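Visitor: First, the structure itself, so that you have it in front of you.
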Amino acid sequence: MCSKQLQAMGLGTHSNTLEIFFSSKAVKNKKMTNLTEVELNDIIRSVINMKPDIKDPFYVLDLGMAKCIMEKWNSKLPQIQPFYAVKCNPEPIFLASLAMMGAGFDCASQAEIEAVMSIGVSPDRIVFASTCKPETHLKYAAAVGVNLATYDSSIEVEKIKKWHPKCALLLRIKVGDDNYARRPLGNKFGALPEEIIPLLQAAHTAQLSVVGVAFHLGSAVTHPEAYRLAIASAKMIFDTAVQLGMPRMHMLDIGGGFTASPQFDDAAATIQAAVESYFGNEPGLKLISEPGRFFAETSFTLVTNIIGKRVRGNVKEYWINDGLYGSMMNMLHDPDRVIGTVKPLALNSYPDNPTCSKLMTYSSTVYGPIANSLDTVLTDYQLPELNVNDWLVFSEMGAYSASAGSKFNGFDTSAIRTYLAYSNKSGESKMNGNKI
Ligand SMILES: Cc1ncc(COP(=O)(O)O)c(C=O)c1O
C-alpha cells in the first residue's frame, strides 16, 4: 500500500520559497500527483486547525495538479511553448512553479513584468501581450529587455517606435465573427482583415520588425475548429508580408482560450493538424501560446467561512466571507461559467461528519459579504443545514478570481492567503501545516 505525503505551506512572497520547496527531501526526485478529494480535505482541515480562531478565506494551490496540467500540455502540444497569461492568476508561487516547469509568460503591464522577473525569469521568456500599452510601461519594457510585443493599431506602432524601437512585433489579428468562445475578445482586440496590410506597412515604414502573428479566440473556446481558421489566416499574413517586401515572419502565437477539460484534446488535435497543413514547410517557425485558465482554473481551491445565516420559510440563507466583489468576480464578467463543485466542510455543526455525507439537503442561497445585493454567489443550491463557522469549499477557483477581486467594503481579495499542497504517493512521512 502506498502511503501519502501531504504538505500545506503558507506562502511567503520571497522568491526562493519554491526553490526550497522543490529541493526539500520531501519532494526532490519524488513523483508528484494531483490531490485526491480526501487528501485535499485533509490539507484544508490542517490549515484550519493551524489557527482555529482565524476564519479568513484561503486558497489551496495543488502543485501536483499544475504539474499534471503542464504534462498534458507537453504531451499534446510539445512544440508549442506556453507563455502563461499572468493576468489569470499572478500568485507568485504559481508563477514560479510554472517557470520551473519551462513556461514563458504573457504580461500585460509593467507590474506583471516585474512580478515575473522578480522570480528570476529572463526577459526573453516574456511577451508583452497587450495591444495598447501605457508609454511608461513601454519604456520599462525597453529598459529591462522585454523585446517582444503585440500590436493592432498604427498609433501603437508610433508609440513603440518612439519608446522601444528594438521591440519585435506580433500583429494581433481578429479571427472570424467572434462566436467561438464563452468570453469573446474580438470586439476589442485584433486587426480586422482590411487593416492588416496597412498595419504591416506602418511597422515596416517605421523600421520595426514584425516577426509574426498572434491571435486569441477568446477565453474558454467553445469551437476548437476555429483554431484551424485562425492558423490559416496567419499563414496568409506570413505570405502577404513577403509580398510587401518584408522579411519572412517566423513566429506564431496561438493565444489562450483553453480549458483543462476533454475539449483540450480536440483543440490540440485541430491545432496540430492545422500547423502541419499550413506551416508544415515553414523552416524555423517558433510556436508559442498564451494559456491562462488552462493552468490556473483547476489548480486552486477556495475555502470560505460561513459568517451569517437567516432562515426564510423553506430557504436557508448563508453569508460567506468572499464573494462576487472578491474571488467570484469572474462570475460577473463570465456569467455562463459553470461554477465548479461547492462542498460543505461543517467542522462546527457536524464534527463527526464534516463532509455532511448522507445528510438531508435544502434549497439554499449563499451571499458574499458586501453590502450590495449583486453579491449573491449561489441561489437555489442544495446544501445540508449549516451554521456560522462552518466552511464552504469551492473547487476550480484559480482563473480570474484573486486577480480580479476588489477591496470593496474593506474585504481585501489580495490579502487572501494561498497554501501550497501536493501529494507524493511514494512518500513515507506525513507533514501537515508546515508554515514557511
Ligand atoms: C492577450 C491575452 N492572452 C491570453 C489570455 C488568457 O486567456 P485564457 O485564460 O482564456 O487562456 C487573455 C485573456 O483575456 C488575453 O487577453
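Here, each number is a calculation from the coordinates, and none is a lab measurement. Please read these numbers as outputs of a predicted model, since none were measured by experiment. Neighbour counts are summed over all protein chains in view; Cβ atoms, including those assigned to glycine, are modelled from backbone coordinates with ideal geometry.
Visitor: I want to verify the translational diffusion coefficient of the chain in µm²/s; compute it with Stokes-Einstein, Rh as the Kirkwood radius over Cα pairs, at 20 °C and 1.002 mPa s. Working shown, then result.
Guide: Details: Rh = 23.1 Å.
D = 93 µm²/s.
Visitor: Moving on to the next point. For segment 266-357, what size does the Cα cloud have along each of its three principal axes, sorted from largest down, in whole Å?
Guide: Computed over segment 266-357, the largest-to-smallest principal extents equal 67, 30, 21 Å.
Visitor: Can you sort Ile307, Ile155 so the residue with the fewest Cβ neighbours within 10 Å comes first?
Guide: So the residues, fewest neighbours to most, are Ile155, Ile307.
Visitor: Hydropathy first: keep DSSP H helices in the chain averaging at least -0.5 on Kyte-Doolittle, then drop any whose Cα extent along the axis falls short of 24 Å, and list what survives.
Guide: For the chain, where a helix must reach 24 Å along its axis and average at least -0.5, the hits are 226-243.
Visitor: From the C-alpha coordinates alone, can you work out the Kirkwood hydrodynamic radius of segment 68-296, in Å?
Guide: Radius from the Kirkwood sum: 17.5 Å.
Visitor: Further question: For the chain, what does the helix formula give at 222 nm: sum of -39500 (n - 2.57) over DSSP H segments with n ≥ 4, over the residue count, nearest 500 deg cm²/dmol?
Guide: Working: 12 runs with 126 residues, N = 436.
-8500 deg cm²/dmol, from helical runs alone.
Visitor: On to the next question. With the Cα gyration tensor of segment 45-120 in hand, give its eigenvalues times 5 under a square root as the equivalent ellipsoid semi-axes, listed largest first in whole angstrom.
Guide: Working from the Cα gyration tensor, I get semi-axes of 27, 18, 9 Å.
Visitor: Next question. Please report how far the C-alpha centroid of segment 155-221 lies from that of segment 372-416, rounded to the nearest whole angstrom.
Guide: 36
Visitor: Using the Karplus equation 6.51 cos²θ - 1.76 cosθ + 1.60 (θ = phi - 60°), what ³J(HN,Hα) coupling, rounded to whole Hz, does each residue of segment 216-221 give in order, writing x for Gly and Pro?
Guide: Per-residue couplings from phi come out as 9, 6, x, 7, 6, 5 Hz.
Visitor: Also, quick follow-up: Using amide H atoms built in the peptide plane, which far-off residues or other-chain residues are under 5 Å from Asp106 H to H?
Guide: Result for Asp106 returns Tyr84, Ala85, Val86, Val127.
Visitor: Can you say what percent of the DSSP beta bridges in segment 171-271, counting only those with both residues inside, are antiparallel? Round to 5. It would help to have the intermediate numbers written out before the result.
Guide: On the way: 2 of 9 bridges.
If we restrict to bridges inside segment 171-271, about 20 percent are antiparallel.
Visitor: Have a look at the DSSP beta bridges in segment 68-296 and tell me what percent are antiparallel, nearest 5. Show your work: numbers first, answer last.
Guide: Working: 2 of 28 bridges.
The answer is about 5 percent antiparallel.
Visitor: Between Ser75 and Asp266, take the C-beta separation as r, use R0 = 25 Å, and let me know the FRET efficiency to the nearest 0.05.
Guide: FRET efficiency, Ser75 to Asp266: 0.95.
Visitor: What does DSSP give for the chain in terms of the percent of beta bridges that are antiparallel, rounded to the nearest 5?
Guide: On the way: 33 of 68 bridges.
If I count the DSSP bridges inside the chain, around 50 percent turn out antiparallel.
Visitor: For the residues Tyr278, Tyr419, what sequence is obtained by ranking on other C-beta atoms within 10 Å, fewest first?
Guide: Ascending number of Cβ neighbours within 10 Å: Tyr278, Tyr419.
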